[in-house]
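Peer 1: To start, I am sharing the structure in question, which I have written as structure tokens.
Coordinate-derived values only; no laboratory data. Just so it is clear, the structure is predicted and the values come from calculations on it, not from any experiment. As a convention, Cβ positions derive from the backbone with ideal geometry for all residues, glycine included, and neighbour counts pool all protein chains shown.
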Amino acid sequence: MTAASSSSLLGSSRIGSRPTISGLHSDSLNPRSITFSSTLQGLSLRSSGSKRQLYSRGTGSVVIAQNMDRVEVDLSLSPRVNSVKPSKTVAITDQATALVQAGVPVIRLAAGEPDFDTPAPIAEAGINAIREGHTRYTPNAGTMELRSAICHKLKEENGLSYTPDQIVVSNGAKQSIVQAVLAVCSPGDEVLIPAPYWVSYPEMARMADATPVILPTSISEDFLLDPKLLESKLTEKSRLLILCSPSNPTGSVYPRKLLEEIAEIVARHPRLLVISDEIYEHIIYAPATHTSFASLPGMWDRTLTVNGFSKAFAMTGWRLGYIAGPKHFISACNKLQSQFTSGASSISQKAAVAALGLGYAGGEAVATMLKAFHERRDFLVKSFGEIDGVKISVPRGAFYLFIDLSSYYGVEVDGFGTVNNSESLCRYLLDKSQVALVPGDAFGDDTCIRISYAASLSTLQAAVERIKKALVTLKPPVPV
């Protein structure tokens, strides 16, 4: 193609240095819509009620005058996005990180991320995967090697029988859960969520155009769901019940007997499925034990079991989780993933195989981390138990303490304002004691705040001292 013919195709007409738009005509243009007509005659542009002249010369080209007002861009967002709230845990963690980077000595106890390094055998497997060339796309659902290892783990540790085609490996358990919600929920369906809940559950329901139905629990009952409340909230629209045991944010562990009562209710409702989020299953403190919901009588067909590697194996940055369940539902999750992200990292999958090869429940590597978490939990429970006006439910698993500090609400603080809810209390503690925590309203319970003890004991000791001093400066708490 010659330069002349190329110029003709692109539109050769120019007025000074004005840009050209080839073959396009706009009768009107505003911040909400752009339309084109088939003719170049009488070309004009209207935006926000003002008329502007467009100049044209030559066949198939249009030139915009240099003095034309700036056209505004349509900034509207999808109603689906507007219905979703941002994650407070992510926001607070990012804010605390920014303060630290600015030189402020903030103690960060907001994120649910182990402070341990990934165990050496797992890290080495990832390094070797790179060196050996395992750096290409994997099958969408995950490598056969990893899915087979997951099937073995679920059989040996959870008493669950699956085949590799009933497993989908994703970029973290969060992706596994949201794909499951999208796969099984229709607009108007209801998703039942015990509160306190992980911040993302209700938003995932909204993304699926479903309605989150919150089932409150109480600290006096260790934040465990009352089966009678569950049954009273079930309707013909009920599609999903999401259970998390051990729980984020409370650390509560559902005993088998209570799960059996819940299973009996589920069995009476044909449309009702269960997502069992078991990401913290190995971070559990004796005498508490973990029960997989799908292992209960009649629940295998109803349950989508979610797990991953971030928490127990200290692999948060590796981004790897998985879901197991009946093939009909898992195939739907696999279809969604094929259009979202495709397969998870090949390197992470090799590392995950090594993680599952460490032994039952993660072997010695996980046992060492669990011992440290247990020690930290005991320290925090004792320390906050000594503070007036604090209510505590002793966590049986995970690495969170969800404590009730509502007796300190209603206090006016000079130079700060009123501490009247969990969010203002967390802002006060960040300002006064430079400790970053997460307000309970993010989890559906405004009376509490969440403290992550996925930090060293010395860090937790320093944080407790700061928090105690900050609380002392408030007015005397109301007796509990």
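Peer 1: Using a Förster distance of 22 Å, how high is the FRET efficiency between V394 and A361, based on the Cβ-Cβ distance and rounded to 0.05?
Peer 2: Efficiency at R0 = 22 Å is approximately 0.50.
Peer 1: Need one number: nm distance between label points at M144 and K233, each 7 Å from Cα along Cα→Cβ, rounded to one decimal.
Peer 2: Going from the M144 label point to the K233 one covers 4.4 nm.
Peer 1: Round to the nearest 0.05 the FRET efficiency obtained for T473 and D209 when R0 = 51 Å and r is the Cβ-Cβ distance.
Peer 2: 0.65
Peer 1: In debye to the nearest 20, how big a dipole does the range 348-418 give about its Cα centre with +1 on each Lys and Arg Cβ and -1 on each Asp and Glu Cβ?
Peer 2: 520
Peer 1: By how many nm would the segment from K155 to I127 grow when fully extended, if each residue of separation counts as 0.36 nm and the alpha-carbon distance is taken off?
Peer 2: Gain on stretching K155 to I127: 7.2 nm.
Peer 1: Also, I was wondering about something else. By what distance, in whole Å, do the Cα atoms of the range 332-480 stretch along each of the three principal axes, largest value first?
Peer 2: Sorted largest first, the three principal extents are 55, 38, 25 Å.
Peer 1: What is the sum of charges, Lys and Arg at +1 and Asp and Glu at -1, for the other residues whose Cβ falls under 13 Å from the Cβ of Q101?
Peer 2: 0
Peer 1: Now, a different point. If R0 is 60 Å, what FRET efficiency do you get for E260 and Q339 from their C-beta distance, rounded to 0.05?
Peer 2: Once the sixth-power term is evaluated, E becomes 0.95.
Peer 1: Between F416 and K371, what length comes free when the chain is fully extended (0.36 nm per residue of separation minus the Cα-Cα distance, one decimal in nm)? Intermediate results must be reported in sequence, preceding the final value.
Peer 2: Numbers: separation 45, 0.36 × 45 = 16.20 nm, distance 3.95 nm.
Going from the current span to full extension adds 12.3 nm.
Peer 1: Within the range 188-210, what residues put their amide N at less than 13 Å from the label point 7 Å along the Cα-to-Cβ vector of H269?
Peer 2: What the label zone holds, given the 13 Å backbone N cut-off, is 189-194.
Peer 1: Please compute, over every Cα-Cα pair in the range 232-371, the percentage with a separation greater than 17 angstrom. Intermediate values should be presented prior to the final figure.
Peer 2: Values: 6384 of 9730 pairs.
When every Cα pair of the range 232-371 is considered, 66 percent fall beyond 17 Å.
Peer 1: When only alpha-carbon atoms count, how far does the range 192-262 stretch along each of its three principal axes, as whole angstroms with the largest first?
Peer 2: Taking max minus min along each principal axis of the Cα atoms, the range 192-262 gives 32, 24, 18 Å.
Peer 1: So what is the relative contact order of the range 296-415, in percent, for Cα pairs below 8 Å that sit 6 or more residues apart?
Peer 2: Computed over the range 296-415, the figure is 15 percent.
Peer 1: Hey, what did the range 253-322 get for relative contact order, percent, Cα under 8 Å, at least 6 apart?
Peer 2: On the way: 89 pairs, mean separation 22.6, N = 70.
Relative CO of the range 253-322 lands at 32 percent.
Peer 1: Another question, then. Provide Rg and Dmax in Å for the range 128-182, with only Cα atoms included in the calculation.
Peer 2: 13.0, 37
Peer 1: Calculate log10 I(q)/I(0) of the range 247-315 for q = 0.11, 0.12, 0.22, 0.25 Å⁻¹, where I(q) comes from the Debye formula with a single equal point scatterer on each Cα and nothing for solvent.
Peer 2: -0.28, -0.34, -1.00, -1.18
Peer 1: Taking every Cα atom in the range 381-462, find the radius of gyration and the maximum pairwise distance Dmax, and write them in Å.
Peer 2: Rg, Dmax (Cα atoms, Å): 12.6, 39.
Peer 1: Here's another thing I want to ask about it. Stretched out fully, how many nm does the piece from V84 to A98 gain, at 0.36 nm a residue minus the Cα gap?
Peer 2: Roughly 2.6 nm would be gained on extension.
Peer 1: While we're looking at this one, here's another question. What do you get for trypsin sites (Lys or Arg not before Pro) in the range 289-351 restricted to DSSP loop and a cutoff of at most 14 other Cβ within 10 Å of the site's Cβ?
Peer 2: none
Peer 1: Something else about it: So how many Å³ per residue does the convex hull of the Cα atoms of the range 281-343 work out to? The partial results should precede the final answer.
Peer 2: On the way: hull volume 5.1 nm³, N = 63.
Convex hull of Cα atoms, per residue: 81 Å³.
Peer 1: Let me ask something additional. When a/c reaches 1.5 or more, the comparison of a/b and b/c decides; with that in mind, is the range 153-227 rounded, prolate or oblate per its Cα gyration tensor?
Peer 2: Judged from the Cα gyration tensor, the range 153-227 comes out oblate (a/c at least 1.5, b/c at or above a/b).
Peer 1: Provide Rg and Dmax in Å for the range 158-284, with only Cα atoms included in the calculation.
Peer 2: Cα-based Rg and Dmax for the range 158-284 come out at 14.2, 42 Å.
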